[in-house]
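Before any comments, here is the structure.
Each reported figure results from applying straightforward, stated rules to the coordinates on display, with no laboratory input. Bear in mind that the values here come from a model prediction, so they are computed numbers and not experimental data. Cβ coordinates were reconstructed from backbone atoms using ideal geometry, including for glycine residues, and neighbour counts include every protein chain displayed.
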Amino acid sequence: DSGVTQTPKHLITATGQRVTLRCSPRSGDLSVYWYQQSLDQGLQFLIQYYNGEERAKGNILERFSAQQFPDLHSELNLSSLELGDSALYFCASSADYLSYEQYFGPGTRLTVT
Amino acid sequence: DQQVKQNSPSLSVQEGRISILNCDYTNSMFDYFLWYKKYPAEGPTFLISISSIKDKNEDGRFTVFLNKSAKHLSLHIVPSQPGDSAVYFCAASAPPLVFGKGTRLSVIA
């Protein structure tokens, strides 16, 4: 158990809809990262937050947004969903913004039908 | 444009033998390299790492080798055990982390 929790585990929704994925980092970790893993793909970095502020951005679509709250949990919002957004979404956390070793949650599997 | 490549999607090894997983990268700005292991229905778990200033790092049965001139790193597992069967991801950091697509290792008893 990494100490990182993600909810929900599975999500099935229709095209055009909007969903919110939630992540609670390990106790004491200030950085939260979001990754997307599509079929047969590696983990694609989406965005990083550190202590409530956006720290780094990867290939995150404009339809996607995230935030980190004062209690350090984070939410990833996906809107105007398309079939191609179906993927595993992982959250990871680390102690600070330059930590290379990240601790991953179990992921949320999103299926868009 | 894949900056981190794991060219072998799968690898099968006999229990007790050596497993060698390979990874190539293109970005010379990467300064830290990591290997993560992933079991089904779980998130990746950090396994071992190496800084770009080193060429070898060892942790028990796991050793990572870095060849900067070839932009190549490898993970050696000796001896391989059935519990090592998992998907192994190579990752490199500039930061942020850039992951390869993974290699599925099967250790056969």
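Structure summary
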read-out	value
A:E53-A:S80 pseudo-label distance in nm [points 7 Å out on the Cα-to-Cβ vector]	3.0
Expected-Rg normalisation [2.2 N^0.38 Å, Cα atoms] applied to the protein assembly as shown	1.02
Label zone at A:S38 (point 7 Å along Cα-to-Cβ), backbone N below 15 Å, region B:1-40	B:1-2
Contour excess over end-to-end distance, with Cα ends at B:S69 and B:R104 and 0.36 nm allotted per residue	10.0 nm
Computed E for B:I53/B:I18 - FRET, C-beta separation, R0 35 angstrom, nearest 0.05	0.85
Karplus (6.51, -1.76, 1.60) ³J(HN,Hα), θ = phi - 60°, over region B:95-100, in Hz, Gly and Pro reported as x	x, x, 6, 10, 9, x
Computed over region B:35-109, Cα set: Rg, Dmax in Å	12.6, 39
Range in chain A, longest, excluding exposed trypsin sites (Lys or Arg not before Pro) [loop by DSSP; at most 15 other beta-carbon atoms within 10 Å]	A:64-113
Extension gain, A:T13 back to A:D1 (0.36 nm per residue minus Cα-Cα distance, nm)	1.5 nm
